[in-house]
Amino acid sequence: MQRRHFLGLGAALPLACHLGQGLAAPLQASSPRFLLVFLRGAYDCCNLLVPTHSDFYYQARPTIAIARPGAANGALPLGPDWGLHPALQASLLPLYAQGQACFVPFAGSNDLSRSHFETQDSIELGQPLEGGRSFQSGFMNRLAQLLQQDRQRGTTPMAFTAQLPLCMRGSAQVANMALASVRKSAVDGNRSQVIASMYQGSALDASVREGFAVQSAVQRSVQEEMDQAGRNAISARGFGLVAQRMAHLMRDQFDLGFVDVGGWDTHVNQGGASGNLANRLGELSQGLASFAEAMGPETWRHTVVAVISEFGRTFRENGNRGTDHGHGTAYWFLGGGLSAQAGGKIVGEQIEVSEKALFQNRDYPVLNEYRSVLGGLFARMYGLSEQQVQQIFPASQPGKLQLV
């Protein structure tokens, strides 16, 4: 690929490229490719991968639960225990049915801070929770270093972000390119102003205006926290718009990629089968389906996409018809070469979803630790030894999930 062709692919995008010594030679279709999609803000996995077998799920979520399969706008059945959010019917469900997608519930980090930023950093570093940390050594950069030491394998990494993410920092050179994002419009306050004007000049005038002022301040604070959790990541809609361009770049030039998608911190008005979360899930899954198609059948057979988030959300809905910061979540894995043991299945260690199974009586527990899950995947994708996996995730043990 010539430089002018590379720039042409992103002509409509704001670019921030750091290409080191230039673009590498075009890749072979059979070369392994890995894309990490980081959902910043902690998406609600319980309404994506729905525990339809659990009566407790429906008790805990009286207004935002996804109905059981067969009901109007009900979950798409994935077996006797689980269902899929109906917004993914035309996009992710076909990939799942073809054995090209799977889910790992009860996944995540053992970090207990429930802080977006601390847990995002912890996951991107991929280092043990105990002891000191190096913020100049992310796990995907260490993977790139390891692969670049092998001339037969090699790798050309790329971050589809405006700033180089923490997981890509390190001694291996990594290109990065900003992708187009779609900004949300400001919250309209006209309704509160109309109501306040109705009390103007009355004995309640000051109280009503003060009440709306307090409400507005609280809403701004919550919205600001929800926005900051995304760390300026691309929106789900933005991801859908650029997924094909990203696929073309990974198909031809970059075999190790990272992109983050924001907007998943749903404390307020999360919605159920429709609403805020449903819209984002639909846009994200359409983007992923477009990415898979644009990669082409042969290249897709050697590609794995991992979709992760810093943590899950509370199992019970809150008083604002949303969910708060939690612990365990569900990971997605997509690819044309998923193994028969994983493709079209719910995999990993699992327990029955009940009140007594909750971690600290509020969240999913973490039974499938992320370093173990990803370490096992990398071992199988790239033929790495346990010692080599330890270079990527120090003091970890590669998991036994046969994802590929």
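None of the figures in this text is laboratory data; all of them are computed from the coordinates on show. Being a predicted model, the structure only gives us computed values, none of them experimental. Methodologically, a virtual Cβ is constructed for each residue, glycine included, from the backbone with ideal geometry; neighbour enumeration extends over all protein chains shown.
Tabulated data
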| quantity | calculated |
| --- | --- |
| Sites E298 and N269 - FRET efficiency at Förster radius 51 Å, r taken between beta-carbons, to 0.05 | 0.70 |
| Peptides 53-66, 291-304 ordered by average Cβ neighbours within 10 Å, highest first | 291-304, 53-66 |
| Ascending count of other beta-carbon atoms within 10 Å, so fewest first, for V104, V404, V389 | V404, V389, V104 |
| Cα gyration tensor shape of the stretch 250-342, rounded if a/c is under 1.5, else prolate or oblate by comparing a/b with b/c | prolate |
| Per-residue Cβ neighbour rank within 10 angstrom, fewest leading, L277, L147, L164 | L164, L147, L277 |
| Built amide H within the under 5 Å cut-off of D363, gap 5+ | F315 |
| Rounded to whole Hz, the Karplus (6.51, -1.76, 1.60) HN-Hα couplings of the stretch 239-244, x for glycine and proline | 4, x, 6, 10, 4, 5 |
| Relative exposure of I195, I234, I308, I346, judged by other C-beta atoms within 10 Å (fewest first) | I195, I346, I308, I234 |
| Nitroxide proxy distance, nm - points 7 Å out along Cα→Cβ at A357 and S339 | 2.3 nm |
| Charge dipole magnitude, Cβ of K and R +1, D and E -1 - the stretch 38-121, Cα centre, debye nearest 20 | 220 debye |
| Relative frequency of Cα-Cα separations exceeding 20 Å in the stretch 42-153, percent | 59 percent |
| Near-label residues of the stretch 343-371 by backbone N, under 19 Å of a point 7 Å along Cα→Cβ of L112 | 356-371 |
